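Encoded as C-alpha cells, the structure appears first; notes follow it.
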Amino acid sequence: MKILLVTYWWLTSVGGIRTYMNQLAERLRTHGHEVDLMGTDLATNTVYVAGQERRFAKDTVLPLIRRNLAGAPLPALQACPQAMAIESDRYAFEMGAAVLGVNQYDLIHAQDPIAALCIRRILRRNIPLIVSFHGSLAREGYYDSRSVHPNLTWAEFRSGTYGKHYSSLEYLGAEAADLVLVSSGWIKGIIMESGIPEHKIRQVPYGVDVQAFLSQFAVEFPKPKPPGKRLIMYTGRLEYVKGVHILIEALGQLRQARSDWICWIIGDGTLLPQLQHRSMELGLNQNVEFLGRIDNIPSALKKADIYVQPSLQDTQPFSLTEAQLAGVACIAANATGMPEMIQEGVTGRLFAPENPESLADGLNRLLNSSHERRHLGLKAKRWVAAHRTLDQMYQGTWKVYQELI
Amino acid sequence: MELKVPSDLYNAWFIYPGGSSGTMVDYFILNTVAENLPEGYLIPDAKVMSWIEG
C-alpha cells in the first residue's frame, strides 16, 4: 500500500509528533508498505515530502490569498491576526499539497485536524482519511493566549474569534476524516464533547521502541551528577503548555526546605529566558541547570532520581513514558491525559495541576524515601515494557487502517 | 502548458474575487496549482467562516 502521513505543521521540528510519524513510517515500511511524510519546512516555509526534491513555496501564493481575504466581507476574521494568519497559511498549504500530489495514495493519515480538513478539501477521489489527534488544538490556542493574558478563562477564549476559529478547525477536521485516532481517553472525551460520535473514534496508545531505548540507555551520559545530591529532571519543550514555570516555582519552595537535590532541565523553547530569569530571582542558580537539547535522553534519564511532567495539558507525553521505562520515579500533573499514565502510589505520583505547593510537597515526599522511588520506578518500568511497546502501537494502528481499506 | 488569465484562474477559487493588481503573482505556479486543485475548490472555507462570522 501507498500511505501518506501528513501534518499541516512543521515536519522539520523535533518532538513527539515527528517521533510518532517516523516510528509509524518505519514499521509500515518493514511490513512492505510505501510511506511518504508530508509537512512544512519551517525555515523555508515550503510544503514538501521528506526525501523528495520537489517543494512548494507557500510564499508564492500567500500574498494573493492574504489580499483576497483582507478584501472580503469577513470582519471577524480580519479583526483577528491569529485566525487570519492560519487561514491564509492553510490555503497555501492546500495548494502546496495539491501540487505535490495526494491522489496517488491508498490511505492518508493526517496528524492534526487542520491537515485532515486541508486534505479533504483538495482530494479529487475518495481516499480513506484518518486523523490523529495528538492534542487539543483549541486548548493549545487557549494556553498560547494565556501565556500573554494569564487571567483569560476558557469560556472567554472560546467566545473570541481565535477560540471559535481553532474550535472550528478541530471539529471540522474530525468531521472531514473517516476515522479519528487518539492515544488517550482524555482526548477522546474532548472530541466527543465537540459533537463527534463515539463510533468514529479509535483509541491506540503511543508506544516506545524498547530495544532502541535500551541501547541509548546503556550509554554513559557525560555530565556527572553532583555527589550527595538527588537529581530531579524534566525533558521536553520549554513552552508555556509544558508547565515548566510551575516546576521552577515548586523548586523555589523546595529549596527553602532542603538543598540535597539539583534539577536538570533538558530541552529548548521560547520560554527559556523567562525560566532562567525566574530561576535566578528565586535564588536557584546552584540548584537548577538548563542543559539545552541533548542527543541521548535515555542516557541522561539513567542519572535521574525523580522525573517531573508538569504540563498544563498533555495527551500522553513520550517524555514521561521514557522516564518510566528508565525506572525513574515520576510525578506528573493530575490533568488531561497524564493521570491515565500513572497509577497513584504504584507507578508514580500525581500533583494538583498548576499548583507549585502541591508539586513541592510531592517532590519533598519522594526525596524522603529512596525505597518509594525505587518501588515506583520499578513498577512503572515493568508496566511500560508490558503495555506501551511500539509493536503494540503499530498493531493497533494497522487494525484501524484495515477498517478502511 | 496553456497559461490561463486571472479571470479563468484564481478568481474562480475566490468566493469574493478581488483581483491581483499590485500583488506579485507567478502565473506558471498559479496555473500549476489550478491544474491540481479539485473542481469546486473555494476560498475561504465556508464551513469555517460560518463558525467565525456567525
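The values are calculated or read from the model by the stated rules, or taken from the named source; none is laboratory data. These figures come from a predicted structure and were not determined experimentally. Here the Cβ positions follow ideal geometry from the backbone for every residue, glycine too, while neighbour counts run over all protein chains shown. Please note that ligands, DNA and RNA were not included when accessible areas were found on the heavy atoms of the full protein model with its side chains. Shrake-Rupley method; radii C 1.70, N 1.55, O 1.52, S 1.80 Å.
Values for this structure:
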item: Filter result for the condition that a residue is open to solvent by 30 Å² or more (accessible area, probe 1.4 Å), facing chain B (nearest Cβ under 10 Å) and of a type in the set (Lys, Arg), over A:Lys188, A:Lys164; result: A:Lys164
item: Helices (runs of 4 or more DSSP H) completely within segment A:308-405 that count 2 or more residues being closer than 20 Å to A:Gly185 by Cα and either open to solvent by 10 Å² or more (accessible area, probe 1.4 Å) or among the hydroxyl-bearing types (Ser, Thr, Tyr) (or both); result: A:318-325, A:370-387, A:390-404
item: Residues located in segment A:1-29, provided they are modelled with pLDDT of 95 or more and of a type in the set (S, T, N, Q); result: A:Thr7
item: Test set (1) more than 14 Å from chain B (Cβ to nearest Cβ); (2) open to solvent by 20 Å² or more (accessible area, probe 1.4 Å); (3) modelled with pLDDT of 95 or more - A:Phe133 fails condition number; result: (2)
item: Residue in segment A:248-259 that is surrounded by 15 or more Cβ atoms within 10 Å (Cβ to Cβ), among the acidic types (Asp, Glu) and assigned to a loop (DSSP other than H, G, I, E, B) present; result: no
item: Some residue of segment A:44-51 being open to solvent by 10 Å² or more (accessible area, probe 1.4 Å) and on the phi > 0 side of the Ramachandran plot; result: yes
item: Matching entry among A:Leu301, A:Leu282 (being within 21 Å of A:Tyr20 (Cβ to Cβ) and in contact (Cβ under 8 Å) with a residue 12 or more places away in the chain); result: A:Leu301
item: Leading residue by the ranking (most open to solvent (accessible area, probe 1.4 Å)) among those in segment A:235-244 that are farther than 17 Å from A:Asn285 by Cβ and not polar (S, T, N, Q); result: A:Arg237
item: Output for segment A:49-59, where each listed residue is more than 19 Å from A:Glu87 (Cα to Cα) and out of contact with any Ser or Thr (no Cβ under 7 Å at 6 or more places or on another chain); result: A:Val49, A:Ala50, A:Gly51, A:Gln52, A:Glu53, A:Arg54
item: All positions within segment A:102-130 that are out of contact with any Asp or Glu (no Cβ under 7 Å at 6 or more places or on another chain), surrounded by 23 or more Cβ atoms within 10 Å (Cβ to Cβ) and of a type in the set (A, V, I, L, M); result: A:Val102, A:Ile108, A:Ala110, A:Ile114, A:Ala115, A:Ala116, A:Leu117, A:Ile119
item: A:Val210, sole failed condition from (1) among the hydrophobic types (A, V, I, L, M, F, W, C); (2) under 22 Å from A:Met21 (Cα atoms); (3) out of contact with any helix residue (DSSP H, G or I) (no Cβ under 7 Å at 6 or more places or on another chain); result: (3)
item: Any hit, segment A:63-79, residues being open to solvent by less than 10 Å² (accessible area, probe 1.4 Å), within 24 Å of B:Ser20 (Cα to Cα) and more than 8 Å from every other protein chain (Cβ to nearest Cβ); result: no
item: Criterion violated by A:Tyr8 - all others in (1) closer than 30 Å to A:Gln392 by Cα; (2) more than 14 Å from chain B (Cβ to nearest Cβ) satisfied; result: (2)
